[in-house]
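Here the structure comes first, spelled out in structure tokens, and everything after it is commentary.
The values are calculated or read from the model by the stated rules, or taken from the named source; none is laboratory data. Owing to the predicted nature of the structure, the values given are computational and were not obtained by experimental measurement. As a convention, Cβ positions derive from the backbone with ideal geometry for all residues, glycine included, and neighbour counts pool all protein chains shown. To get the accessible areas, we keep the full protein, side chains included, count just its heavy atoms, and leave off ligands, DNA and RNA. Shrake-Rupley method; radii C 1.70, N 1.55, O 1.52, S 1.80 Å.
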Amino acid sequence: MSELDLIPAGTVFTPEQITHYAEPEARSLEDAIRDADLLVSTPHSGAAIPEELAEFLSPELTRRLQYDFSDVATAAVVRRWAEIDPRIVAVVNPHPRLVRDPNRAKPADVRADLAAAIERVRDAGPWQPVDLAGVDAIRPVTFSFFPILEIPRSADGLARLVDAFAAAAAQGLEVYERTRDALTERFVAHGLAHGGVFTRLSFHDTMNTTTTRDGAVNVARAEADRLPAVVALSNRGDARGEARALPEGAAADPPTLDPAALRALAEAHRAGFAVEDPAAVALNRPYLGSQEILADGRRFRAIAGEAGAAGLRLGAVQAEFLREYLLGPAATAELHEPGTEWVSEDPARVDALAHACRRAWDAVRD
């Protein structure tokens, strides 16, 4: 386990440690909320694993597989964006999705869901594809079906694993969830008092290839699962951001951001990131957006009348960047080869991407 990145045992994160905004030495968080119109969250940006969970990790886990099972490229970009842009506030999850995925609905019974996921994985066999739909808030395997956890076979051992995950979550993941939701409520309260616009952005990355047993991240995803060359922007709608046609009897799933606003945001990203091919920025493909924007969409619809009367426009959107684009060609080429280590971040590229994010959102405001 020595080569893995572990968070020292007993580390408890505070809201102040995971909340980022420009000029914190001169501005309070209240100042930042007053000046901003965008709250950015990164639910999957953490890669380091709480040391309390180390005994349950697969002995085959490497730093590369550990980092690949995260959206780690988003953390540095969003933190830098928050440093340079006084019109955003950002909250960064310090824990990996291994602890529990905050972009999935929290299970009513974590123990039962984890037990069901483990049973499905055992039935499928090592490295075999397995459907974890409905029970994937804590995944015992990565997206390439690498067994990330060494599952105890006894009932007592499994109970100890679940208890360890619950205790670890309270130290970081749940701090992130409470901070994200409290910030959202503070932004909404300010907007209801003063009008304007408030948008929630859930920020992610995904690679168009998955891992092999030797660590090479070079297995192409199915065509339907591949991201465009830069970013997919999602509001639960169709390829134009409009409400999707749903099967008869299906639960309503309205767009979480006004369709015209999503199309404008796409054009702003094409300009801000200086893309030559318009298809490099796509809408709702391959992902519609998950729990964070779903929850905010419901929250915003519930106060729609009050917000309209206050002159406040609310919306939520997911941005899923292509990880190859965020990392750049040299780092991508390195990850395509077998290995156990992750790549080094390029500070100049991080800075350029952060400025591109700012340009894109400034353009849509204009």
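Which of the residues that make up segment 122-152 are out of contact with any helix residue (DSSP H, G or I) (no Cβ under 9 Å at 6 or more places or on another chain) and either among the aromatic types (F, W, Y) or open to solvent by 30 Å² or more (accessible area, probe 1.4 Å) (or both)?
Selection gives R122, D123, A124, P126, W127, P129, A133.
Which members of segment 199-215 meet the condition of being open to solvent by 10 Å² or more (accessible area, probe 1.4 Å) and under 18 Å from D101 (Cβ atoms)?
If the condition is that a residue be open to solvent by 10 Å² or more (accessible area, probe 1.4 Å) and under 18 Å from D101 (Cβ atoms), then T206, T210 are the ones that fit.
Could you please let me know if G196 is out of contact with any His (no Cβ under 6 Å at 6 or more places or on another chain), open to solvent by less than 30 Å² (accessible area, probe 1.4 Å) and either at positive phi or free of Cβ contacts under 8 Å to residues at least 12 places away in the same chain (or both)?
When the stated conditions are applied, G196 does not pass them.
State yes or no: is R263 free of Cβ contacts under 8 Å to residues at least 60 places away in the same chain and not polar (S, T, N, Q)?
yes
Output the residues belonging to segment 103-138 that are in a loop (DSSP other than H, G, I, E, B) and either on the phi > 0 side of the Ramachandran plot or among the hydrophobic types (A, V, I, L, M, F, W, C) (or both).
Within segment 103-138, A105, A108, G125, W127, V130, L132, A133, G134, V135, A137, I138 meet the criteria.
Quick check, is A159 part of a helix (DSSP H, G or I), open to solvent by 40 Å² or more (accessible area, probe 1.4 Å), small (G, A, S) and free of Cβ contacts under 8 Å to residues at least 60 places away in the same chain?
Answer is no for this residue.
Out of the strands (runs of 3 or more DSSP E) lying entirely within segment 199-289, which hold 1 or more residues that are closer than 24 Å to W361 by Cα and at pLDDT 95 or above?
Where strands (runs of 3 or more DSSP E) fall fully within segment 199-289 and carry at least 1 residues being closer than 24 Å to W361 by Cα and at pLDDT 95 or above, they are 231-234, 281-283.
Mind listing whichever residues of segment 295-333 are touching a Leu at 6+ places or on another chain (Cβ under 9 Å), in a helix (DSSP H, G or I) and of a type outside the set (G, A, S)?
Within segment 295-333, D296, R299, F300, R301, E306, R323, E324, Y325, L326, L327 qualify.
Could you check, for segment 273-283, whether at least one of its residues is of a type in the set (V, I, T), touching a residue at least 24 places away in the same chain (Cβ under 8 Å), touching a His at 6+ places or on another chain (Cβ under 8 Å) and open to solvent by less than 20 Å² (accessible area, probe 1.4 Å)?
Yes - at least one qualifying residue is present in segment 273-283.
Would you confirm whether or not segment 313-321 contains a residue that is under 30 Å from H190 (Cα atoms) and open to solvent by 50 Å² or more (accessible area, probe 1.4 Å)?
Taking every residue of segment 313-321 in turn, at least one turns out to be under 30 Å from H190 (Cα atoms) and open to solvent by 50 Å² or more (accessible area, probe 1.4 Å).
Looking at A309, A331, which one is at pLDDT below 95 and surrounded by fewer than 20 Cβ atoms within 10 Å (Cβ to Cβ)?
When all the criteria are applied, what remains is A309.
Check segment 150-158 and report whether any residue there is modelled with pLDDT of 90 or more, out of contact with any Asp or Glu (no Cβ under 7 Å at 6 or more places or on another chain) and among the hydroxyl-bearing types (S, T, Y).
no
Is there any pair with a first residue in segment 349-365 that is touching a residue at least 12 places away in the same chain (Cβ under 8 Å) and surrounded by 16 or more Cβ atoms within 10 Å (Cβ to Cβ) and a second that is not acidic (D, E) and not in a helix (DSSP H, G or I) whose Cβ atoms are under 6 Å apart and which are 6 or more apart or on different chains, and what are they?
Hits for this filter: R349/G328; A356/F273.
Restricting to segment 1-10, and then to whatever is at pLDDT 95 or above and open to solvent by 40 Å² or more (accessible area, probe 1.4 Å), can you tell me which residue is farthest from L65 (Cα to Cα)?
Taking the candidates together, the pick is G10.
When you check T179 against the structure, is it among the hydroxyl-bearing types (S, T, Y) and part of a helix (DSSP H, G or I), yes or no?
When the stated conditions are applied, T179 passes them.
I'm trying to understand the selection: among the residues of segment 33-63, which are closer than 25 Å to S344 by Cβ, in contact with a Gly (Cβ under 8 Å, 6 or more places away or on another chain) and at pLDDT 95 or above?
Within segment 33-63, G46, P50 qualify.
In segment 76-121, how many are of a type in the set (K, R), closer than 23 Å to P50 by Cα and buried (at least 21 other Cβ atoms within 10 Å of the Cβ)?
Here the count works out to 2.
Just checking, does segment 18-28 include any residue being open to solvent by less than 10 Å² (accessible area, probe 1.4 Å), under 30 Å from G191 (Cβ atoms) and out of contact with any strand residue (DSSP E or B) (no Cβ under 9 Å at 6 or more places or on another chain)?
No, segment 18-28 contains no residue that is open to solvent by less than 10 Å² (accessible area, probe 1.4 Å), under 30 Å from G191 (Cβ atoms) and out of contact with any strand residue (DSSP E or B) (no Cβ under 9 Å at 6 or more places or on another chain).
Can you tell me which residue within segment 48-63, out of those that are open to solvent by less than 10 Å² (accessible area, probe 1.4 Å) and of a type outside the set (V, I, T), is nearest to L312 (Cα to Cα)?
P50
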